[in-house]
Amino acid sequence: MASLVTAAQGGDRTALDRLLRHHQDQVYALARRLTGNHADALDATQEALVAIVRGLPRFDGRSAFSTWVYRVATNACLDELRRRSRRSADPLPDLEDPNWQPPGTGGSGRSDPSGAVADRIDIDRALATLPPEFRAPVVLRDLCGLDYAEIAEVLDIPPGTVRSRIARGRAALARTMSGNQTGSADRPTPQP
């Protein structure tokens, strides 16, 4: 991977293309979980890939390239969430969601014996209830598999804060997933 990065930094377009293709699915998966819907995830993925191309000459190798990619992608997702919070219109339904159906249709006749799709939708909804300060570390740890030090580097926060936010985020997710939402008063708030 290091030789691919070096070649891309040197202007090799084929290497750059391979590098972006190698990381595109990981970036989208992160964006999908952080933004909570397909359309915003696509926007954030595109922004992240553009930022990776623009920032590639400044990548100095002090961290793993994948850690740097996650940092760029996380920042693009958080920017997308900020843009979304400024929008006044209600979002359109996520038409890429396999369980989405027009209101009043009563069901599509599709079944998911394993419950995997329903579980994914429940997790996405639960993640959407978390503030981005908690959602990002939980997704980076549980979906992307980054360790605490890598997450600290991606988010530019101390490792102890990462641990705290993951623990509090997971606790809030567990309450939400079990149906024990107690309102916004118990919603985690960011700690420095």
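A few points about this structure:
- Residue within region 8-19 that is at pLDDT 90 or above and under 22 Å from Gly145 (Cα atoms) present: yes
- For region 25-42, the condition of being over 18 Å from Ala152 (Cα atoms), outside any helix (DSSP H, G or I) and under 17 Å from the mean Cα position of the chain (by Cα) holds for at least one residue.
- Among the residues of region 112-149, those identified as at pLDDT 75 or above and not in a helix (DSSP H, G or I) are Thr129, Leu130, Pro131, Leu143, Cys144, Gly145, Leu146, Asp147.
- Residues in region 62-76 that are polar (S, T, N, Q) and closer than 19 Å to Pro131 by Cα: Thr74, Asn75.
- Which numbered condition Asp94 misses (of (1) surrounded by 13 or more Cβ atoms within 10 Å (Cβ to Cβ); (2) at pLDDT 50 or above; (3) out of contact with any Lys or Arg (no Cβ under 9 Å at 6 or more places or on another chain)): (2)
- Pairing each residue of region 19-46 that is among the acidic types (Asp, Glu) with any residue that is surrounded by fewer than 20 Cβ atoms within 10 Å (Cβ to Cβ) and at pLDDT below 90, provided the two are 6+ apart or on different chains, yields C-beta distances under 7 Å for Asp40/Arg84.
The values are calculated or read from the model by the stated rules, or taken from the named source; none is laboratory data. It should be emphasised that the depicted structure is a prediction, and the values quoted were computed from it without experimental measurement. We place every Cβ from the backbone using ideal geometry, glycine too, and count neighbours over all the protein chains shown.
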